[in-house]
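Undergrad: So that we are looking at the same thing, I have put the structure below in structure tokens.
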Amino acid sequence: MTQSPDKLARRVVRQLTPYQSARRIGGSGDVWLNANEYPDAVPFDLTQQNLNRYPSCQPNQVIQFYANYAGVSSQQVLVCRGADEAIELLIRTFCEPSEDSILYCPPTYGMYAISAESFEVKRTMVPLTAEWQLDMPKLAEQLPRCKLLFLCSPNNPTGNQIAPEDIEILLQQTRHQTLVVVDEAYIEFCPEASLVPLLAKYTHLVILRTLSKAFALAGLRCGFALGNPEVIQLLLKVIAPYPLASPVADIASQALLPANINLMRHRVVRLNQSRDNLAAALAKLNNVVAVYPSKTNWLLVAFKQAQYVFHLLGEHGIIVRNQALSLGLVNCLRITIGTEAESARLLEVLQSIPENRS
Ligand SMILES: *Cc1c(COP(=O)(O)O)cnc(C)c1O
């Protein structure tokens, strides 16, 4: 008798529902507005050809350039395979399986919970308030029981900034007891909101960053954790020996040159303008209930008939992110800002919905 591999797998893995990434969900269409990617590819050439050698674990130039860009010292930077790997490293470094708990505030990014679950780390939720801000009394109650607090600001999928005063109060409440992780995957779209200045004051603050969004390099798989040097050293104990392929380090170094950072900032200005134009146009549509303010490269939109709109867009080859399963967002779609032409196509389909459709 042969044993099925499914029976050999850990119980938690057999029961795990993997993250429903935009790529995994798939869909057929030619307008991809579901993964918060930059709509155009920024070209790079490889400059290193020594693929016979293993890469450096923490390539100096990438670390140094990112430290300069973020305004921290190189000892405060860890580079890894996307911010997703940083989430996983934090959980593996700080949480005892079956014993410790992470705390997070839905609706928010799904990987905090999934990474914790796959390592059998407990999960505690304190939902955001109706204004999508932190529920401070409930957090104060739960924090002493949790090792890691994951906050996302600006928050995916709601698009708003979490009040920095609240985060600082939590930092004061959690000294020596809980690590506060702030995911700044979208911070380039509102750089003034970064909590990096607080790193000097709080050694238990960790900030997550990525090249996947404003830097237009989602396919590169390159992200960062910024934190106290002691925290970075601990994460380096559990990271794989060669987390970054040489071509990744090569391209990341180029993307972080001052001229390319400048180009990124210009892209952000254009994208933010496009977002505000699209928000104004969407707000006029009959089927739209609300276009929520966004500090990011997407719009969260509530529709009278979100499921109908989702499928109608799909039929026209436009793929957006359905939020039906996100806490409190049952009638919402998350729409990434694409090119001007893509926004025009989206509006054209939405404007074709008859006013009296019920
Ligand atoms: C996209 C995203 C990530 C993942 O970033 P990668 O660097 O591509 O792994 C992390 N957090 C949030 C909130 C995101 O939206």
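Undergrad: What number of residues within the stretch 285-332 satisfy the criterion of being touching a residue at least 24 places away in the same chain (Cβ under 8 Å) and within 12 Å of residue 159 (Cα to Cα)?
TA: Of the residues in the stretch 285-332, 10 are touching a residue at least 24 places away in the same chain (Cβ under 8 Å) and within 12 Å of residue 159 (Cα to Cα).
Undergrad: Just to be sure before I move on: is residue 184 over 17 Å from residue 81 (Cα atoms), within 13 Å of the ligand (Cβ to nearest atom), acidic (Asp, Glu) and within 13 Å of the chain's Cα centre (by Cα) in the structure I sent?
TA: Criteria not met by residue 184.
Undergrad: Taking the residues in the stretch 71-102 that are within 14 Å of the ligand (Cβ to nearest atom) and within 18 Å of residue 177 (Cα to Cα) as candidates, determine which candidate is surrounded by the most Cβ atoms within 10 Å (Cβ to Cβ).
TA: It comes out as 90.
Undergrad: Here's a follow-up. Name every residue in the stretch 215-264 that is within 11 Å of the ligand (Cβ to nearest atom), farther than 13 Å from residue 66 by Cβ, among the small types (Gly, Ala, Ser) and buried (at least 16 other Cβ atoms within 10 Å of the Cβ), in order of residue number.
TA: Of everything in the stretch 215-264, just one residue is within 11 Å of the ligand (Cβ to nearest atom), farther than 13 Å from residue 66 by Cβ, among the small types (Gly, Ala, Ser) and buried (at least 16 other Cβ atoms within 10 Å of the Cβ), namely 218.
Undergrad: Which number in (1) surrounded by fewer than 15 Cβ atoms within 10 Å (Cβ to Cβ); (2) farther than 29 Å from residue 206 by Cα; (3) modelled with pLDDT of 95 or more marks the one condition that residue 44 misses?
TA: Evaluating residue 44 over (1) surrounded by fewer than 15 Cβ atoms within 10 Å (Cβ to Cβ); (2) farther than 29 Å from residue 206 by Cα; (3) modelled with pLDDT of 95 or more leaves (1) as the failure.
Undergrad: For residue 165, which of the numbered conditions (1) closer than 27 Å to residue 336 by Cα; (2) in a helix (DSSP H, G or I) fails to hold?
TA: Answer for residue 165: the failing condition is (1).
Undergrad: Kindly indicate whether residue 153 is out of contact with any Cys (no Cβ under 6 Å at 6 or more places or on another chain), without any contact (Cβ under 8 Å) to a residue 60 or more places away in the chain and within 12 Å of the ligand (Cβ to nearest atom).
TA: Answer is yes for this residue.
Undergrad: Let me ask something else. For the stretch 293-324, give me the residue count where each residue is buried (at least 18 other Cβ atoms within 10 Å of the Cβ) and not β-branched (Val, Ile, Thr).
TA: 13
The values are calculated or read from the model by the stated rules, or taken from the named source; none is laboratory data. Since the structure is predicted, the reported quantities are computational estimates derived from the model, not experimental observations. Methodologically, a virtual Cβ is constructed for each residue, glycine included, from the backbone with ideal geometry; neighbour enumeration extends over all protein chains shown.
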